[in-house]
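I have placed the structure first, in the form of structure tokens, so that the comments after it can refer back to it.
Each value in this text was obtained by applying a stated rule to the coordinates, not by laboratory testing. Just so it is clear, the model here is predicted, and its values are computed rather than measured. Methodologically, a virtual Cβ is constructed for each residue, glycine included, from the backbone with ideal geometry; neighbour enumeration extends over all protein chains shown.
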């Protein structure tokens, strides 16, 4: 029980750490939403925000929760998450 709660906090911490790097990468590769008449935003906004959450979730699943799955189920779920 405590292992899962600790994994939750590691996932949140990793997401907070990865978010500025993903934001910087979005600006460098041009994955941004420029303001125009149809947009609400007034400044350029990065559009890769979910990538930090995706990476944090999958990295903690691979390194911390691997033993809680049986191997076939783990690889099938990882493949499904990558396809999404």
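Say whether the condition of being outside any helix (DSSP H, G or I), surrounded by 11 or more Cβ atoms within 10 Å (Cβ to Cβ) and within 19 Å of the chain's Cα centre (by Cα) is met by at least one residue in segment 4-25. The answer is no; no qualifying residue exists.
One residue stands out in segment 31-40 among those that are out of contact with any strand residue (DSSP E or B) (no Cβ under 6 Å at 6 or more places or on another chain) and surrounded by 11 or more Cβ atoms within 10 Å (Cβ to Cβ): the one that is nearest to residue 5 (Cα to Cα), namely 31. If the condition is being in contact with a helix residue (DSSP H, G or I) (Cβ under 6 Å, 6 or more places away or on another chain) and within 14 Å of residue 11 (Cβ to Cβ), then segment 25-56 contributes 52, 53, 55, 56. The residue that is nearest to residue 1 (Cα to Cα), counting only those in segment 46-78 that are assigned to a loop (DSSP other than H, G, I, E, B) and free of Cβ contacts under 8 Å to residues at least 24 places away in the same chain, is 69.
Out of 43, 10, 16, 32, one residue alone is under 20 Å from residue 65 (Cα atoms) and without any contact (Cβ under 8 Å) to a residue 24 or more places away in the chain. It is 16.
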